[in-house]
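The values are calculated or read from the model by the stated rules, or taken from the named source; none is laboratory data. Everything numeric here is computed off the predicted structure, so don't read it as measured data. Cβ coordinates were reconstructed from backbone atoms using ideal geometry, including for glycine residues, and neighbour counts include every protein chain displayed. Only protein heavy atoms, including side chains, enter the accessible area calculation; ligands, DNA and RNA are left aside. Shrake-Rupley method; radii C 1.70, N 1.55, O 1.52, S 1.80 Å.
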Amino acid sequence: MTLVRVPPPLEQEVDLSKTYDAVIVGSGAAGGMAAHVLTTYGLHVLMLEAGKKLPIEQELRSMQWPYDHPRRGDAPPGSHHLSFNEYTIRTPPYAKGSAFKHVYSYVGGWSGSDYVKNILVDEKDHPYTGTHYAWVRARCLGGKTNIWGRLALRLSDYDFKAKSHDGYGEDWPISYADLAPYYDKVDLYLGISGVKENLPHLPDSQFQRPSKLNFGEVKLRESLKKTGQVLTPYRAGVTTDGLKHNRYRSKCYGRGACDRRPGGCDIHAVFDSPTGLIYPAMDTGNLTIRPNSTAHEVLVDKNTGRARGVAFVDSVTRKSYEAKAKVVILAASTLESTRLLLLSRSPQHPNGLGNSSGHVGHNFCEHVMGPGVTGLIKELVGKPHTLDDGRPGGFYIPRFRNLKDRQPGFIRGYGFEGNSGHSMFPAHVMDTPGFGAQFKKTVRDHAGAFISMGAFGEVLPRYESYVDLDPELKDAWGVPVLRFHYQFSDNERKMAEDMVATGREMLEAAGIEVVGTDDKVLTEGWSIHELGTARMGNDPKTSVLNQFQQSHDVRNLFVVDGSSHVSASCQNPTWTIMALAWRSCDHLADEFRKGNL
């Protein structure tokens, strides 16, 4: 049961003989936002999505109790989700030679793999090569927004002007003042919960009602205040008060299944691209969607050098088609958009489309994660149980390193995400010794007394961190795959060491007993926050796009996903991706009206 309206029919007639005002490749956060903005201006838009439109509520089933599922949420036999050891010991392609019928990324392996088996790609069909990398992909309408982690943060001028602050890398060609109005637009249109903290390095949003911190989280927050640090309720891309302008989404009512690890929300209180952006865009009558459309080349006019459309194959029939448009917008996610640029070679663009600088695929960055700490709040042992897992998130501790001081060993910073309290499945039950009645009592007494937090740190962009096309291997559709040349540097490793030590110090200072630390750095890519492979800048010799995510080389080509980011910051990128896309599409629509595109 959900409270949302029936989505508009997607079985549309797609006329490929016409020339659309714009064609968008991808339907996630960036593609959905581009569709929303451009259709509002009256442009006729075609969206190409490589996957299918899923009945997502039937996939997520977030009101289903584990005991109502025949396998307690596990996928059917024959399915396998990659583990940390596989990513670390083996080299891509990870599914090569696997005896399993289907192989998926690590995301479904947490728990509840049956709920994401049709959302995540099958690694057997979607191989890649090169260095170790945990690449999480979702091919369906809405992409990874169907299962994203919900943390919605803004960047600040500590990020946009990071080079001016510490001398490393490049500054963005925009400042916070340029993007702030668009952050506001995203907040108000999609909904975000949180509390204002007035921090210069983590700007506040236009918040709706926040989720409440529980006892353990308040205990830690009050302790951190003494050292000038901040713990704030999780800033979630969730509407807690409702959205009167959107008939496809319900407000959050804390029903208790948010803690299911693959994520997702089948009442759509959490933002997802289909209900938040695409369905409203379809209601304008200006958006046409063609699912099952695997793009493999941006087509270029031989006479003008301008983009004229996109070549794609039907993902099911393997038949080839072309979509014609006056403007081409890539929003397929950082690495897939980069792959498409590299695939689009022509006499005018021998190194790939928009790649006169040689920077397409380079300056790859993301977030390093893995280090964390777990504590036991002794005051809660044996106390009555509370409802804590109906929240979209727990808490967030913003960056505190290298703001005014200079931390020895590394530049930039990291933040902590964490939570405490009771969950659907008792915390640390597998670590609890014993059996029988005493074991059960111990589990019940301690179930809500733990607090855990893990860090996300900024990975520095480097030219030598890059992806290119594998010269031999192709995917199931005959398209050359990506090859990775990327690994964490000493800066990330030093930062990870500080994460563990500082996390322990925070808990101990709050009087919380540390019962576990994790100093393991997870495989590159684990954050699912890939960024930077077609960065924006003012100099066409050292960047791919201008400040409006418009190609320096091809005026009617825009790349509006995370590939445009100049640096990663340590904040989750989804809200910034959408704010940038809104700003760029405002500019695009204005240029289109003037006849410049």
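Residue check: ALA99 meets all listed conditions (1) in contact with a Lys or Arg (Cβ under 8 Å, 6 or more places away or on another chain); (2) at pLDDT 95 or above but one, namely (1). Per the listing LEU387, LEU380, the residue uniquely farther than 22 Å from PRO461 by Cβ, out of contact with any strand residue (DSSP E or B) (no Cβ under 8 Å at 6 or more places or on another chain) and crowded, with 20+ Cβ neighbours inside 10 Å is LEU380. Quick check: is even one residue across the stretch 68-90 open to solvent by 70 Å² or more (accessible area, probe 1.4 Å), touching a Cys at 6+ places or on another chain (Cβ under 9 Å) and either touching a residue at least 12 places away in the same chain (Cβ under 8 Å) or not small (Gly, Ala, Ser) (or both)? The answer is no, given that none of the residues of the stretch 68-90 is open to solvent by 70 Å² or more (accessible area, probe 1.4 Å), touching a Cys at 6+ places or on another chain (Cβ under 9 Å) and either touching a residue at least 12 places away in the same chain (Cβ under 8 Å) or not small (Gly, Ala, Ser) (or both).
Out of all the residues in the stretch 34-57, is one or more β-branched (Val, Ile, Thr) and open to solvent by 40 Å² or more (accessible area, probe 1.4 Å)? The answer is yes, given that some residue of the stretch 34-57 is β-branched (Val, Ile, Thr) and open to solvent by 40 Å² or more (accessible area, probe 1.4 Å). As a summary of the residue check, TYR248 satisfies the conditions (1) in contact with a strand residue (DSSP E or B) (Cβ under 8 Å, 6 or more places away or on another chain); (2) open to solvent by less than 70 Å² (accessible area, probe 1.4 Å); (3) more than 30 Å from ARG462 (Cα to Cα) except for the one numbered (1). Among the residues of the stretch 433-472 satisfying the criterion of being of a type in the set (D, E, K, R) and either at positive phi or in contact with a strand residue (DSSP E or B) (Cβ under 9 Å, 6 or more places away or on another chain) (or both), which is surrounded by the most Cβ atoms within 10 Å (Cβ to Cβ)? Per the stated criteria, the residue is GLU458.
Taken together, ALA30, ALA50 contain a single residue that is modelled with pLDDT of 95 or more and either over 30 Å from SER563 (Cβ atoms) or touching a Lys or Arg at 6+ places or on another chain (Cβ under 9 Å) (or both), which is ALA50. Only one entry in THR304, THR374 is in contact (Cβ under 8 Å) with a residue 60 or more places away in the chain, open to solvent by 10 Å² or more (accessible area, probe 1.4 Å) and of a type in the set (Val, Ile, Thr), namely THR374.
Please verify whether ASP178 is in a loop (DSSP other than H, G, I, E, B), among the acidic types (Asp, Glu) and either out of contact with any Phe, Trp or Tyr (no Cβ under 7 Å at 6 or more places or on another chain) or not assigned by TED's automatic domain parsing to the domain that holds ALA162 (or both), treating the condition exactly as stated. In short, no.
To keep it simple, each residue is scored yes or no on (1) under 25 Å from VAL37 (Cβ atoms); (2) touching a strand residue (DSSP E or B) at 6+ places or on another chain (Cβ under 8 Å); (3) open to solvent by less than 30 Å² (accessible area, probe 1.4 Å); (4) outside the structural domain of VAL467 (by TED's automatic domain parsing).
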{"residue": "ARG493", "(1), (2), (3), (4)": "no, no, no, yes"}
{"residue": "ALA509", "(1), (2), (3), (4)": "no, no, no, yes"}
{"residue": "ASP518", "(1), (2), (3), (4)": "no, yes, no, yes"}
{"residue": "ASN556", "(1), (2), (3), (4)": "yes, yes, yes, no"}
{"residue": "ASN572", "(1), (2), (3), (4)": "yes, yes, yes, no"}
{"residue": "TRP575", "(1), (2), (3), (4)": "yes, no, yes, no"}
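Only residues that are out of contact with any Asp or Glu (no Cβ under 9 Å at 6 or more places or on another chain) and farther than 25 Å from ASP166 by Cβ were counted in the stretch 482-510, giving 3. Looking at ILE147, ILE174, ILE192, just one residue is under 21 Å from ARG249 (Cα atoms) and at pLDDT 95 or above, and that residue is ILE192. Of all the residues in the stretch 332-361, those that are open to solvent by less than 10 Å² (accessible area, probe 1.4 Å), farther than 17 Å from GLY478 by Cα and part of a loop (DSSP other than H, G, I, E, B) number 5. Kindly indicate whether any position in the stretch 556-576 is of a type in the set (D, E, K, R), touching a residue at least 40 places away in the same chain (Cβ under 8 Å) and under 21 Å from ASN355 (Cβ atoms). Within the stretch 556-576, one or more residues are of a type in the set (D, E, K, R), touching a residue at least 40 places away in the same chain (Cβ under 8 Å) and under 21 Å from ASN355 (Cβ atoms). Filtering the stretch 213-226 for residues that are under 16 Å from ASP388 (Cα atoms), surrounded by fewer than 19 Cβ atoms within 10 Å (Cβ to Cβ) and free of Cβ contacts under 8 Å to residues at least 40 places away in the same chain leaves a non-empty set. Would you tally the residues in the stretch 108-164 being basic (Lys, Arg) and open to solvent by less than 10 Å² (accessible area, probe 1.4 Å)? So the count comes out to 1.
If you take the residues of the stretch 118-157 that are of a type in the set (Val, Ile, Thr) and outside any loop (DSSP other than H, G, I, E, B), which of them is farthest from ASN402 (Cα to Cα)? Restricting to residues being of a type in the set (Val, Ile, Thr) and outside any loop (DSSP other than H, G, I, E, B), the top hit is THR129. Looking only at the stretch 402-432, residues that are at positive phi and either of a type in the set (A, V, I, L, M) or in the same structural domain as TYR168 (by TED's automatic domain parsing) (or both) come to 0 in all. Would you pick out the residues in the stretch 185-220 that are polar (S, T, N, Q) and in contact with a Pro (Cβ under 7 Å, 6 or more places away or on another chain)? SER193, SER211 - these are the residues of the stretch 185-220 that are polar (S, T, N, Q) and in contact with a Pro (Cβ under 7 Å, 6 or more places away or on another chain). Take the residues in the stretch 540-570 that are within 19 Å of GLY595 (Cβ to Cβ) and assigned to a strand (DSSP E or B), then tell me which one is nearest to the chain's Cα centre (by Cα). Out of the qualifying residues, it is PHE558. Among the residues of the stretch 91-107, the one identified as open to solvent by 60 Å² or more (accessible area, probe 1.4 Å) and under 12 Å from THR523 (Cα atoms) is THR91.
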